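Undergrad: Dumping the structure here so I can ask a few things about it.
The values are calculated or read from the model by the stated rules, or taken from the named source; none is laboratory data. Everything numeric here is computed off the predicted structure, so don't read it as measured data. Cβ placement follows ideal geometry from the backbone for every residue including glycine, while neighbour counts extend to all protein chains displayed. The area values use the complete protein model at the heavy-atom level, side chains included, leaving out ligands, DNA and RNA. Shrake-Rupley method; radii C 1.70, N 1.55, O 1.52, S 1.80 Å.
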Amino acid sequence: MNSAPPYKPQTLAAILARGVIALAKSSDSARADAQILLAHALGRDREWLVANAEGFLNRPQVEKYQSLIDRRALGTPIAYILGSAWFYGREFTVNDRVLIPRPETEHLVDEAVAFLRGRVDPDLPKALLTVLDVGVGSGAIGCSIAAEVPNAAVAGTDASPAAIKVAEHNARRLNVHARCKFYVGDLADPVNDRRYDVLVANLPYIPSRDVPVAPHPVGFEPHQALDGGPDGLNHYRRLLTAAPRLMRPGGLLLLEAAPPTMSGLEALARAAFPMARVEARSDYAGSPRYVKVAS
Ligand SMILES: C[S@@+](CC[C@H](N)C(=O)[O-])C[C@H]1O[C@@H](n2cnc3c(N)ncnc32)[C@H](O)[C@@H]1O
């Protein structure tokens with residue numbers, strides 16, 4: 001015998017309002033989150049929700065929506081619930097084994113793309129330009145560069161096998177897989193017998209004691225993607241030791257960090273590349289965000 005109480009059909013507007021109330025405590029954007037999750041549960045867009053606010057939902061639709069709201073109420077980032085995030089104008093698959101790509105990281109792609117386009121040899125316009133993305137995660141940086149620059153060949157490394165699977169999936173999703181190769185391993189170790197026109201890295205740079213824990217949204221992301229050791233610079237210190245022999249002459253090195261670690265990173269880069277132009281650059285909010293080394 002079925003003991004579930006009889007289902008009383010409810011309108012989309014009523015269900016949405018309940019979702020907003022359920023998220024009010026845990027999210028600063030409760031209404032937008034509730035709408036995005038309802039659209040996702042129904043396989044529709046937000047415009048459709050507005051046009052159908054007085055329509056009725058069936059029990060499976062309401063239950064699916066409620067399960068998404070429950071996850072969000074516990075603090076799970078929207079991108080992990082949806083399984084995707086937008087970066088540099090493209091949709092990437094993400095899961096909780098990879099960092100959710102951030103808008104400020106798009107500066108690295110801007111820099112790399114402008115540099116690579118300027119480096120195309122007019123006599124050999126199809127010659128491959130080589131890019132190494134260390135700590136590739138979801139593949140956001142490397143796959144975006146490959147998508148923007150048709151003659152870029154990208155190598156990506158990550159210490160996390162699960163992240164490499166996501167990067168491979170995204171390369172196929174964006175149809176750049178023929179020019180992207182990914183390797184599990186420490187920093188540049190799997191590919192350190194080659195040289196690159198661009199070396200880009202967004203490695204973990206939060207000092208260990210400051211790594212947030214859930215329910216802080218960043219605490220849902222992999223610890224391995226966040227923890228940069230006691231001063232946040234462990235990974236960059238090691239990468240910069242190897243970097244000079246990884247660069248092609250005249251190549252470009254781009255390293256992202258957080259404002260508190262930027263001066264330390266800049267000093268490390270100057271020591272590793274004493275003859276190069278080393279600059280600290282800011283993000284959209286005006287905060288120091290990445291170091292650029294023109295070798
Ligand atoms: C901050 S996330 C950046 C991910 C991606 N590049 C992005 O910008 O969205 C850092 C990445 O570095 C990886 N990582 C951590 N330690 C590493 C190491 N020793 N060697 C290679 N990758 C490492 C993590 O697994 C994670 O995917």
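Undergrad: What tally of residues in segment 265-287 results from selecting those that are part of a helix (DSSP H, G or I) and exposed (fewer than 14 other Cβ atoms within 10 Å of the Cβ)?
TA: 2
Undergrad: Between Ala146, Ala163, Ala153, which is near the ligand (Cβ under 8 Å from one of its atoms), over 21 Å from Leu265 (Cβ atoms) and in the same structural domain as Met262 (by TED's automatic domain parsing)?
TA: Of the residues listed, the single one that is near the ligand (Cβ under 8 Å from one of its atoms), over 21 Å from Leu265 (Cβ atoms) and in the same structural domain as Met262 (by TED's automatic domain parsing) is Ala163.
Undergrad: Sticking with this one: If I go through segment 78-113 residue by residue, how many of them are within 22 Å of Asp197 (Cβ to Cβ), in the same structural domain as Ala201 (by TED's automatic domain parsing) and within 13 Å of the ligand (Cβ to nearest atom)?
TA: The number of residues fulfilling the criteria is 6.
Undergrad: Additional query: Are any residues in segment 217-241 more than 20 Å from the chain's Cα centre (by Cα) and part of a loop (DSSP other than H, G, I, E, B), and if so, which ones?
TA: Those that are more than 20 Å from the chain's Cα centre (by Cα) and part of a loop (DSSP other than H, G, I, E, B): Gly229, Pro230, Asp231.
Undergrad: Looking only at segment 198-223, which residues are more than 9 Å from the ligand (Cβ to nearest atom) and either within 15 Å of Ile141 (Cα to Cα) or hydroxyl-bearing (Ser, Thr, Tyr) (or both)?
TA: Those that are more than 9 Å from the ligand (Cβ to nearest atom) and either within 15 Å of Ile141 (Cα to Cα) or hydroxyl-bearing (Ser, Thr, Tyr) (or both): Val198, Leu199, Ser208.
Undergrad: Could you please find all residues in segment 8-34 being assigned to a loop (DSSP other than H, G, I, E, B) and open to solvent by 70 Å² or more (accessible area, probe 1.4 Å)?
TA: Once the filter is applied, which keeps residues that are assigned to a loop (DSSP other than H, G, I, E, B) and open to solvent by 70 Å² or more (accessible area, probe 1.4 Å), segment 8-34 yields Lys8, Pro9, Lys25, Asp28.
Undergrad: A further question on this structure: Test of understanding: among Asp133, Asp186, which residue is in a loop (DSSP other than H, G, I, E, B), under 17 Å from Ala225 (Cα atoms), assigned by TED's automatic domain parsing to the domain that holds Leu226 and open to solvent by less than 70 Å² (accessible area, probe 1.4 Å)?
TA: Matching residue, one of Asp133, Asp186: Asp186.
Undergrad: For Ala79, state whether it is assigned to a helix (DSSP H, G or I), surrounded by 18 or more Cβ atoms within 10 Å (Cβ to Cβ) and under 11 Å from the mean Cα position of the chain (by Cα).
TA: yes
Undergrad: Here's another thing I want to ask about it. Looking at segment 209-221, is at least one residue surrounded by 16 or more Cβ atoms within 10 Å (Cβ to Cβ), at pLDDT below 95 and among the aliphatic types (A, V, I, L, M)?
TA: No, the conditions are met nowhere in segment 209-221.
Undergrad: Identify all residues within segment 1-55 that are of a type in the set (D, E, K, R) and either in the same structural domain as Pro217 (by TED's automatic domain parsing) or over 23 Å from Ser84 (Cβ atoms) (or both); write none if there are none.
TA: Scanning segment 1-55 gives Lys8, Arg18, Lys25, Glu54.
Undergrad: Between Leu68, Leu49, Leu37, which is of a type outside the set (S, T, N, Q), assigned to a helix (DSSP H, G or I) and in contact with a His (Cβ under 9 Å, 6 or more places away or on another chain)?
TA: From the options Leu68, Leu49, Leu37, the qualifying one is Leu68.
Undergrad: Additional query: When you go through Ala214, Ala147, Ala178, Ala163 one by one, which is the residue that is assigned to a helix (DSSP H, G or I) and either in contact (Cβ under 8 Å) with a residue 60 or more places away in the chain or of a type outside the set (A, V, I, L, M) (or both)?
TA: Ala163
Undergrad: Do the conditions hold for Ser208, that is, is it farther than 17 Å from Glu106 by Cα, hydroxyl-bearing (Ser, Thr, Tyr) and out of contact with any helix residue (DSSP H, G or I) (no Cβ under 6 Å at 6 or more places or on another chain)?
TA: Judged against the criteria, Ser208 is a match.
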